[in-house]
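K.L.:
Below are the structure tokens for one structure; questions will follow.
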Amino acid sequence: MSDDSAGQRVVLLDSDHGAFVQLCRRLSAVARLPFVLERADDWHQLQTRINQGEVQAVLARTGNLPLLQDCGVPVIHLASEPDFAAFNSGLNDSIWEQSSASEIVRCLQYAIERQRLRTALERAASFDPLTGTCNRQMLQDRLKQGMRRALRTNQPLAVFCVDMDNFRHVNDTLGHSAGDAIICEVVERLRSVLRNTDTIGRMGSDEFALVVEDYGSSTNLLQIAQKIINELAEPFNVNGEGMLLGCSVGIATYPEGGQTVDSLLLHANLAMLQAKGQRGCNFHFYDERINLQAHSLIEFEASLRHALRRSEFELHYQPRIELHSGKIVGLEGLIRWRHPERGLLGPNEFIPLAEETGLIVPMGYWVIARACHDLAQMKKMGMEQIHVAVNMSFCQFQDSRLLSTVKRLLERTGIDPHWLEFELTETAVMQQPEQVLMTMEGMTGLGLRFSLDDFGTGFSSFVHLHSLPINLLKIDRSFVKAIAERTADRQLVGAMIDMGHSLGLEVVAEGVEHRDQLEILRNLGCDQVQGYFISPALAFEELCYFMDAYAVGREDVLKPTPGLSLIS
């Protein structure tokens, strides 16, 4: 038969050349035969050709079938009698040698196509379609096999977890096609560093796991990690322009870093997160301390969730005074956690975790509800109404139930919305300014007020501030701290106060701890101050006593210190 008939090759494993010639003559009657039929009388010769990918299927008589177990291509039994009752399940098919030529051709075509589909399905189930590397399932299987080899041969094994830094911004700004191109280039760079015996697996969008076996010494492992860092620190070419991304690498060794597939991957990932917490491109080895910290963090998160259900939170209030009159004109509500074991915790100890886990949203609603309740209590006690401000995170602004929930709380407590104030940071305002402005306008429509907290620490523009419905600017404590010692700080704070007044806003200085700071701020024209010089944050019952006592002795706050002069 001519090789021109097709590119696919089917081999008959048979030592009888005459029978092969007879079969070829029968098949030649089929027009456009879709394969080339060849003969092999030696199994080792056939196996070499199969391994080289030259053979798509094998025809074999009964005596040769035992040689073809797991040979990697479809095996069709060429039976001498039409009796298939004892069909071998290890075969792809069986056909009587006296069948018509068209039947034999259909049988071979079906076996080849079925093998092609099975191979494609197995590849889809085991390999990442974009990069051709192992997917999570295949990598876990290869890691399991590698751990068995390492245990049997007493050779070292390590797992690397590699995560690209700032990759999300690539998809957001340049599109997913650019992101896919970068991921493919990352794989090529990793392959240039690793050996052919090492395994690369894509675990997520921009996260990879590497299995490195028999690396010799820990020094070699360090060199591999540094090579990966250096290779991925080089610019990526995106649309003709260079883009720097970098990466973070975590490493766990077997068996020190884990004795199961899951524990090794988990600990390599924990080490990667540790590396990501450092500046620049870094790698980090897993050690037990990271594990303890992670478990501690998980337990702390669970405690935080329980705290919401068990009412372990408290709202403390720090007074704001008006410098002109000395009166308390506002309160800032600051959340505290009465932890059953660690005592009273400040917001810095749990707010970052709450924002990371999404608990900041229900926690924020609790703060608003508590502030409304306490405002209503002050009214019932006959106390003079003052503004109560609560901090609001950007996550709350993204919640579609914010407006309806606040409206329901106002109706339930019956307070005047004018006295409730929400504090936003510059960073939150600038994240999605259009969405923030729309939400703020909806809430100001209810009569609520807004203040801009930590002013000067963000990047808000003069024009943008002018467009927001803000009533107060709060100068961050970092600017107030050294105004008594540094002329530059006083000038800067003075400029910020002038800017606020030019926008028609009242200005509040935070972090006032000494009388000289207060008097400098008063001379600079600041409207209000808050800080430890007036009072720390107090629980509601303590606040009520403080406000009564302060009303009696507030003249002392206004009294200037003799001999104090401002340095220009």
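The values are calculated or read from the model by the stated rules, or taken from the named source; none is laboratory data. A quick note: this is a predicted structure, and the numbers were derived from the prediction, not measured. Heads up, the Cβs are rebuilt from the backbone with ideal geometry, glycines too, and the neighbour counts pull from every protein chain shown. These area figures cover heavy atoms from the full protein model, side chains too; ligands, DNA and RNA do not enter into them. Shrake-Rupley method; radii C 1.70, N 1.55, O 1.52, S 1.80 Å.
K.L.:
What are the residues in the range 243-274 that are open to solvent by less than 10 Å² (accessible area, probe 1.4 Å) and assigned to a strand (DSSP E or B), if any?
P.N.:
Cys247, Ser248, Val249, Gly250, Ile251, Ala252
K.L.:
Let me ask you something else. Only one of Ile415, Ile368 is outside any helix (DSSP H, G or I), open to solvent by less than 30 Å² (accessible area, probe 1.4 Å), farther than 30 Å from Leu492 by Cα and among the aliphatic types (A, V, I, L, M); which? Explain how you work it out, then say what you get.
P.N.:
Details: Ile368 fails: outside any helix (DSSP H, G or I).
Testing whether each residue is outside any helix (DSSP H, G or I), open to solvent by less than 30 Å² (accessible area, probe 1.4 Å), farther than 30 Å from Leu492 by Cα and among the aliphatic types (A, V, I, L, M) leaves just Ile415.
K.L.:
Shifting gears a bit: Can you tell me which residues in the range 152-189 are aliphatic (A, V, I, L, M) and either within 23 Å of Arg279 (Cβ to Cβ) or open to solvent by 80 Å² or more (accessible area, probe 1.4 Å) (or both)? Explain how you work it out, then say what you get.
P.N.:
Taking the range 152-189 as the starting set, the residues that turn out to be aliphatic (A, V, I, L, M) are 157-159, 162, 164, 170, 174, 178, 181-183, 186-187.
Selection gives Val162, Met164, Val170, Ile182, Val186.
K.L.:
Conditions first: (1) open to solvent by 10 Å² or more (accessible area, probe 1.4 Å); (2) under 21 Å from the mean Cα position of the chain (by Cα). Glu213 passes all but one, so which condition is the exception?
P.N.:
For Glu213, the exception is condition (2).
K.L.:
Oh, and also: Taking the criterion of being in contact with a helix residue (DSSP H, G or I) (Cβ under 7 Å, 6 or more places away or on another chain) and farther than 30 Å from Cys247 by Cα, would at least one residue in the range 281-288 satisfy it?
P.N.:
As a first pass, look at the range 281-288 and keep what is in contact with a helix residue (DSSP H, G or I) (Cβ under 7 Å, 6 or more places away or on another chain): 281-286.
Restricting the remaining residues to those that are farther than 30 Å from Cys247 by Cα gives none.
Checked against the condition, which is being in contact with a helix residue (DSSP H, G or I) (Cβ under 7 Å, 6 or more places away or on another chain) and farther than 30 Å from Cys247 by Cα, the range 281-288 yields no hits at all.
K.L.:
Let me ask you something else. So, of the residues in the range 273-331 that are among the β-branched types (Val, Ile, Thr) and under 30 Å from Val390 (Cα atoms), which turns out to be modelled with the lowest pLDDT? It would help to see each step written out before you state the result.
P.N.:
So in the range 273-331, the residues among the β-branched types (Val, Ile, Thr) come out as 290, 298, 321, 328-329.
With under 30 Å from Val390 (Cα atoms) added as a condition, the list becomes 298, 321, 328-329.
Numbers: Ile298: 74, Ile321: 94, Ile328: 93, Val329: 94.
For the range 273-331, the residue satisfying everything is Ile298.
K.L.:
If you go through the range 10-51, how many residues are part of a helix (DSSP H, G or I), of a type outside the set (Phe, Trp, Tyr) and open to solvent by less than 40 Å² (accessible area, probe 1.4 Å)?
P.N.:
Within the range 10-51, the subset part of a helix (DSSP H, G or I) is 17-27, 43-51.
Narrowing further to those that are of a type outside the set (Phe, Trp, Tyr): 17-19, 21-27, 44-51.
Subsequent filtering for residues that are open to solvent by less than 40 Å² (accessible area, probe 1.4 Å) retains 19, 23-24, 27, 46, 50.
The qualifying residues number 6.
K.L.:
Now a separate question. Could you tell me whether the range 108-125 includes any residue that is touching a helix residue (DSSP H, G or I) at 6+ places or on another chain (Cβ under 8 Å) and either under 29 Å from Ala79 (Cβ atoms) or open to solvent by 90 Å² or more (accessible area, probe 1.4 Å) (or both)?
P.N.:
Residues of the range 108-125 touching a helix residue (DSSP H, G or I) at 6+ places or on another chain (Cβ under 8 Å): 125.
In the following step, the residues that additionally are either under 29 Å from Ala79 (Cβ atoms) or open to solvent by 90 Å² or more (accessible area, probe 1.4 Å) (or both) were identified as none.
Scanning the range 108-125 turns up no residue that is touching a helix residue (DSSP H, G or I) at 6+ places or on another chain (Cβ under 8 Å) and either under 29 Å from Ala79 (Cβ atoms) or open to solvent by 90 Å² or more (accessible area, probe 1.4 Å) (or both).
K.L.:
While we're looking at this one, here's another question. From Glu103, Glu54, Glu81, grab the single residue that is open to solvent by 70 Å² or more (accessible area, probe 1.4 Å), within 22 Å of Glu122 (Cα to Cα) and either of a type in the set (Ser, Thr, Tyr) or touching a strand residue (DSSP E or B) at 6+ places or on another chain (Cβ under 8 Å) (or both).
P.N.:
On the way: Glu103 fails: within 22 Å of Glu122 (Cα to Cα); Glu81 fails: within 22 Å of Glu122 (Cα to Cα).
Matching residue, one of Glu103, Glu54, Glu81: Glu54.
K.L.:
Ok, one more. In the range 377-396, which residue that is farther than 22 Å from Leu473 by Cα and open to solvent by 20 Å² or more (accessible area, probe 1.4 Å) is farthest from the chain's Cα centre (by Cα)?
P.N.:
Restricting attention to the range 377-396, the residues satisfying the condition of being farther than 22 Å from Leu473 by Cα are 377-384.
Subset that is open to solvent by 20 Å² or more (accessible area, probe 1.4 Å): 377, 379-384.
Values: Gln377: 43, Lys379: 46, Lys380: 48, Met381: 49, Gly382: 50, Met383: 48, Glu384: 48 Å.
Among them, the one singled out is Gly382.
K.L.:
While we're on this one: Of all residues in the range 229-242 being open to solvent by less than 50 Å² (accessible area, probe 1.4 Å) and either touching a helix residue (DSSP H, G or I) at 6+ places or on another chain (Cβ under 9 Å) or over 16 Å from Asp165 (Cβ atoms) (or both), which is modelled with the highest pLDDT?
P.N.:
Kept after step one, since they are open to solvent by less than 50 Å² (accessible area, probe 1.4 Å), are these residues of the range 229-242: 229, 232-233, 236, 238.
Keeping just the survivors that are either touching a helix residue (DSSP H, G or I) at 6+ places or on another chain (Cβ under 9 Å) or over 16 Å from Asp165 (Cβ atoms) (or both) gives 232, 236, 238.
Values: Leu232: 92, Phe236: 88, Val238: 78.
Top of the filtered list is Leu232.
K.L.:
Check Arg515 against each of (1) under 35 Å from the mean Cα position of the chain (by Cα); (2) open to solvent by 40 Å² or more (accessible area, probe 1.4 Å) and name the one condition it does not meet.
P.N.:
(1)
K.L.:
Moving on. Which residues, taken from the range 374-395, are assigned to a helix (DSSP H, G or I) and out of contact with any Ser or Thr (no Cβ under 9 Å at 6 or more places or on another chain)?
P.N.:
Start the filter on the range 374-395 by keeping residues that are assigned to a helix (DSSP H, G or I), which leaves 374-380, 394-395.
Those that are assigned to a helix (DSSP H, G or I) and out of contact with any Ser or Thr (no Cβ under 9 Å at 6 or more places or on another chain): Asp374, Gln377, Met378, Lys379, Lys380, Cys395.
K.L.:
Now for a different question. Scanning the range 305-338 for residues that are part of a loop (DSSP other than H, G, I, E, B) and open to solvent by 20 Å² or more (accessible area, probe 1.4 Å), which turns out farthest from Ile475 (Cα to Cα)? Give the steps one after another, and end with the answer.
P.N.:
Kept after step one, since they are part of a loop (DSSP other than H, G, I, E, B), are these residues of the range 305-338: 310-312, 323-327.
Narrowing the set further to residues that are open to solvent by 20 Å² or more (accessible area, probe 1.4 Å) leaves 310-312, 324-325, 327.
Details: Arg310: 35, Ser311: 32, Glu312: 31, His324: 18, Ser325: 20, Lys327: 20 Å.
The qualifying residue farthest from Ile475 (Cα to Cα) is Arg310.
K.L.:
Also: For Val187, which of the numbered conditions (1) of a type in the set (Val, Ile, Thr); (2) under 27 Å from Met243 (Cβ atoms); (3) touching a Pro at 6+ places or on another chain (Cβ under 9 Å) fails to hold?
P.N.:
Exception for Val187: condition (3).
K.L.:
Please go through the range 161-185 and pick out each residue that is touching a residue at least 60 places away in the same chain (Cβ under 8 Å) and closer than 17 Å to Phe236 by Cβ.
P.N.:
Answer for the range 161-185, where residues must be touching a residue at least 60 places away in the same chain (Cβ under 8 Å) and closer than 17 Å to Phe236 by Cβ: Val162, Asp163, Met164, Asp165, Asn166, Phe167, Val170, Leu174, Ala178, Ile182.
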